[in-house]
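The values are calculated or read from the model by the stated rules, or taken from the named source; none is laboratory data. Being a predicted model, the structure only gives us computed values, none of them experimental. Note that each Cβ is placed from the backbone with ideal geometry, even for glycine, and that neighbours are counted across all protein chains shown.
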Amino acid sequence: MGCLAHLVNTKNPLYDLGSLVKKMIEKQLQNILQLRKTYQSELYIVGGTLRDLILGRQYSDFDFSVKGASILAKQYAHATKSALVPLDTTPGRETFRVVIKKDLYFDFSELQGNSIEVDLSRRDFSINALAISLPDFIKGTEKYIDPHNGQKDILNKVIRVLPGSAFSKDPLRMLRAFRFMSILEFKIESSTLKKIKTLHSKINRVSPERIRNELYILLSNKKASPTIQAMKGSGLLESIFPELYKNEKAHSCIKILSHVEKLLSDPKQVGGKPLPEIKKLLSEKPQLVRLGSMLYPLTQKSSIKKNTNKKSNRKTITSKILTKLRASNADIDFVGAMISCSHFVPSIHLTGTDSSASRIRIYQLIHLNEQGLIPGLFLYLANRSIMLKEKEWQADPSAMTVIEILNFYFRTYLPAKRKNPLLNGNDLQRELKIKPNSIIKTILYKVEESRVIGIINTRPEAIQLAKKIILEKKDVH
């Protein structure tokens, strides 16, 4: 019986790979085994692959440990005509990834020390310190090499750091412990937690990029708030985000994050439509939605400049924190728009659906914050001391405002934006003899705003509005 067929019938079954994918993986493993025999180096499947296998979790990669990992990886990539990606080129610690297809890849890492037992002893946690030889894996024989009782900790859902100086050698492992707590829903063992409380400040020795990547994975989980609470208790949250403690915002950041997660788990309770589109937009960047929720208390309403350039959001304390973590400009802008939106909503005073003043204000909110609009609206609803029950949202004034904004966005704003604009910059220069200057941007914005909210509908009306704006500017000067 093939390895995958055998493993699918264990007590902890793999997810349904599909027969063709199973056969393809088994064939690939056999190919790797044949290549390994050409230079007679023992090859092991290790770490997270086995952990997830025992848990019956879906996984899309195989981790290998072998002497001469770079040679084997290059030979295998060449033989299968697959992409080869270097993950670590440090001499003696080389790791190369061979990408078979979009959802399947193999990582080859250099065996540490002279034996697999030594290699496993240099890993982070017992749950990742397991190995099995590739031949045994292919045969379906569960002969795990488990010197630190990792199987027992996996079954007991415990995260236990390995003996020695694992955290001192790589302080990122402290954050990784919480990442596993969040993703796997495990508990951190008491002595491991005690070590983190002692060493948490050492996290500042780690590069910002690595910290950011771990945080993103942690915050991608649907229930990250309990883990963030545990990080707070360990001191690690303060070491990563000291700003939350300088302003005494740590408690409120966790409360808001928890409230946001409750809304994200069931957005239907708010009553906004269309629900499928709302769910889709909320799920596109879950880690940023949660990170923005955490950092929200740091940004004062007065620091959000309304009706100004969208890039003004990059001047906030939240933006500075994300920049320090080496987040991309796109991520910074998304979080900034989300927070700006949540602060902007209270300025909208609905006086009826036909009120042009309300529609203009809603248009301005969307125009400035569209990329973070939907999560920003839910963040606004989450910013309260006590969360409402499902039926209570129906009579909540804040929820009514959010529903009105959602209706305008999906029913009016998006359909209008799919149409060609009534005027462009060339039109203004040609027909109104305007030389290129800042007034062109002002005119185009006001024309588009008036078109979207229904004040004007035709090109002649747009030209008349442009002339009116020019005259008003002249009167001012």
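Here L199 qualifies as more than 14 Å from G47 (Cα to Cα), in a helix (DSSP H, G or I) and touching a Phe, Trp or Tyr at 6+ places or on another chain (Cβ under 7 Å). Kindly evaluate L377 against the criterion of being more than 30 Å from K474 (Cβ to Cβ), at pLDDT 95 or above and surrounded by fewer than 16 Cβ atoms within 10 Å (Cβ to Cβ). Criteria not met by L377.
On the given criteria, is Y296 surrounded by 21 or more Cβ atoms within 10 Å (Cβ to Cβ), in a helix (DSSP H, G or I) and in contact with a helix residue (DSSP H, G or I) (Cβ under 6 Å, 6 or more places away or on another chain)? Spell out how you get there, then give the answer.
Details: surrounded by 21 or more Cβ atoms within 10 Å (Cβ to Cβ): yes; in a helix (DSSP H, G or I): yes; in contact with a helix residue (DSSP H, G or I) (Cβ under 6 Å, 6 or more places away or on another chain): yes.
Judged against the criteria, Y296 is a match.
I'm trying to understand the selection: among the residues of segment 98-114, which are surrounded by fewer than 18 Cβ atoms within 10 Å (Cβ to Cβ) and in contact (Cβ under 8 Å) with a residue 24 or more places away in the chain? Write out each step before concluding.
Our first condition is that a residue be surrounded by fewer than 18 Cβ atoms within 10 Å (Cβ to Cβ); within segment 98-114, this holds for 99, 101-103, 105, 112-114.
Passing the criteria: D103, Y105, Q112.
Residue-wise test of (1) of a type in the set (G, A, S); (2) over 15 Å from L423 (Cα atoms).
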{"site": "K435", "(1), (2)": "no, yes"}
{"site": "K441", "(1), (2)": "no, no"}
{"site": "Y445", "(1), (2)": "no, no"}
{"site": "S450", "(1), (2)": "yes, no"}
{"site": "T458", "(1), (2)": "no, no"}
{"site": "L465", "(1), (2)": "no, no"}
{"site": "K468", "(1), (2)": "no, no"}
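Conditions tested, residue by residue: (1) buried (at least 21 other Cβ atoms within 10 Å of the Cβ); (2) not assigned by TED's automatic domain parsing to the domain that holds L55.
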| position | (1), (2) |
| --- | --- |
| D146 | no, no |
| R173 | yes, yes |
| S190 | no, yes |
| I228 | yes, yes |
| G233 | no, yes |
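Residues in segment 102-144 that are among the small types (G, A, S) and farther than 24 Å from Y76 by Cα: S121, S126, A129. With the condition kept exactly as written, say whether any residue in segment 425-436 is in contact (Cβ under 8 Å) with a residue 40 or more places away in the chain, among the hydrophobic types (A, V, I, L, M, F, W, C) and more than 30 Å from E277 (Cα to Cα). No.
Restricting to segment 326-351, and then to whatever is loosely packed, with under 14 Cβ neighbours inside 10 Å and outside any loop (DSSP other than H, G, I, E, B), can you tell me which residue is modelled with the lowest pLDDT? Outline the logic, then answer.
So in segment 326-351, the residues loosely packed, with under 14 Cβ neighbours inside 10 Å come out as 328-330, 346-347, 349, 351.
Then keep just the ones that are outside any loop (DSSP other than H, G, I, E, B); that gives 329-330, 346-347.
Numbers: N329: 95, A330: 95, P346: 91, S347: 87.
In this case the residue turns out to be S347.
If you scan segment 124-143, which residues turn out to be modelled with pLDDT of 95 or more and part of a loop (DSSP other than H, G, I, E, B)? Matches in segment 124-143: D124, A129, L130.
None of Q429, Q394 is more than 30 Å from E472 (Cβ to Cβ) and either modelled with pLDDT under 95 or among the acidic types (D, E) (or both) except Q394.
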